[in-house]
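The values are calculated or read from the model by the stated rules, or taken from the named source; none is laboratory data. Everything numeric in this text was worked out from a predicted model, so none of it was measured. Positions of Cβ are backbone-derived with ideal geometry, glycine not excepted, and every protein chain shown enters the neighbour counts. For accessibility, only protein heavy atoms count, side chains too; no ligands or nucleic acids. Shrake-Rupley method; radii C 1.70, N 1.55, O 1.52, S 1.80 Å.
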Amino acid sequence: MSLERELNKRADGQCELCKNEEHLQLYTLEPKKDQSIKDTLTACKTCVEQIENPEITDANHWRCLNESMWSEHQAVQVAAWRMLSRLRKEGWPQDLLDMMYLEEDVLEFAKSTGEGEDEDDKLIHRDVNGVVLENGDSVVLIKDLKVKGSSMVAKQGTAVRNIRLDRENETYIEGKVGATQIVIITEYVKKI
């Protein structure tokens, strides 16, 4: 069964967030690049536009999360958590967040975009040229790097795809070089 058919069946012809039945589309949550049943949901045009453009968010539209936050599906839970986190200063979303429970790995995925963090508290990861790095980006090494704890040397020009940002230190990113997961200092990479 195709992903679209499977998601339409799961959503029962409605937006999985607000239950709207018009202008439905598949929406894959960031930072995932590939559509999968765990990271994709069926959402209406209004929900998608407000998720992607925080400046046009209408807090009253998202009162629907009072119901959809209890979904058994990971993508719906993550989208609900992110929107409630974005709106938590309204008061009522914070109450819903306090009731919401997510498994540790799902919560880590929900937090991976930095949604809900105060702008002053957000860490900004930048490459050697000052370009902002995001989860899922690809970078290239600008010099040979000796990998601590092994005899491996990551060669200059090696591409590191689908990086993950360290949420506690803006100078660290994680990525795979060959089969090895390593931590890389941002001053030694350039965004592709």
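Give me the one-decimal nm value for the distance between modelled label points at residue 144 and residue 88, 7 Å along each residue's Cα-to-Cβ direction.
Each label point lies 7 Å from its Cα, and together they span 4.7 nm.
What does the net charge come to around residue 192 if you take all other residues with beta carbon closer than 9 Å to its beta carbon, with K and R at +1 and D and E at -1?
Residues near residue 192 contribute +2 overall.
Regarding region 50-154, what is the average projected area of its C-alpha convex hull, in nm²?
9.5 nm²
Rank 180, 40, 113 by mean-square fluctuation in a GNM of the chain with C-alpha springs under 10 angstrom and give only the top-ranked residue.
Its mean-square fluctuation being the largest, the pick is 180.
Provide the FRET efficiency to the nearest 0.05 for the residue 23-residue 124 pair, computing r from the beta carbons and using R0 = 41 Å. All intermediate terms of the calculation are to be shown ahead of the outcome.
Values: r = 34 Å, r/R0 = 0.84.
Calculated transfer efficiency: 0.75.
Let me check the size of the chain from its C-alpha atoms; what are the radius of gyration and Dmax in Å?
18.9, 57
Expressed as a rounded percentage, what relative contact order does region 73-180 have, with Cα pairs under 8 Å and six or more residues apart?
Dividing the mean separation by the residue count of region 73-180 yields 19 percent.
Of the accessible area of region 131-192, with the probe set at 1.4 angstrom, what percent is carbon plus sulfur?
48 percent
For residue 142, which sequence-distant residues (separation of 5 or more, or a different chain) have an amide H within less than 5 Å of its own amide H, given hydrogens modelled in the peptide plane?
Under 5 Å from the amide H of residue 142: 157, 189, 190.
In percent, how large is the relative contact order of region 1-112, given Cα pairs closer than 8 Å and 6 or more residues apart?
The normalised contact order for region 1-112 reaches 21 percent.
Pop out the ³J(HN,Hα) list for region 151-162 in order, Karplus 6.51 cos²θ - 1.76 cosθ + 1.60 with θ = phi - 60°, rounded to Hz; leave Gly and Pro as x.
3J(HN,Hα) across region 151-162, in whole Hz: 8, 6, 10, 7, 7, 4, x, 6, 7, 10, 9, 6.
Over all directions, average the projected area of the Cα convex hull of region 99-192 and note it in nm². Walk me through the intermediate numbers first.
Numbers: hull surface 28.2 nm².
The directionally averaged projection comes out at 7.0 nm².
Set the bar at 27 Å for Cα to Cα. Now go through 9/89; 38/148; 38/146; 155/191; 111/146 and name every pair that lies beyond it.
Over 27 Å Cα-Cα: 9/89; 38/148; 38/146; 111/146.
Filter the GluC sites (Glu not before Pro) in region 149-192 to those in DSSP coil with at most 13 other Cβ atoms within 10 Å of their Cβ, and list the result.
Loop-located and lightly packed - 168.
Convert each backbone phi in region 183-190 into a coupling constant with the Karplus relation 6.51 cos²θ - 1.76 cosθ + 1.60 (shift: θ = phi - 60°), then list the ³J(HN,Hα) values in order as whole Hz, x for Gly and Pro.
Whole-Hz 3J(HN,Hα) from phi for region 183-190: 9, 10, 7, 4, 6, 10, 10, 10.
What does the helix-only formula give at 222 nm for the chain: each DSSP H stretch with n ≥ 4 adding -39500 (n - 2.57), the total divided by the residues, and the result rounded to the nearest 500 deg cm²/dmol?
-7000 deg cm²/dmol
Could you give the C-alpha radius of gyration of region 28-70 expressed as a fraction of 2.2 N^0.38 Å, taking N as the number of residues it contains?
1.25
Per residue, how many Å² of accessible area does the chain show with a 1.4 Å probe?
59 Å²
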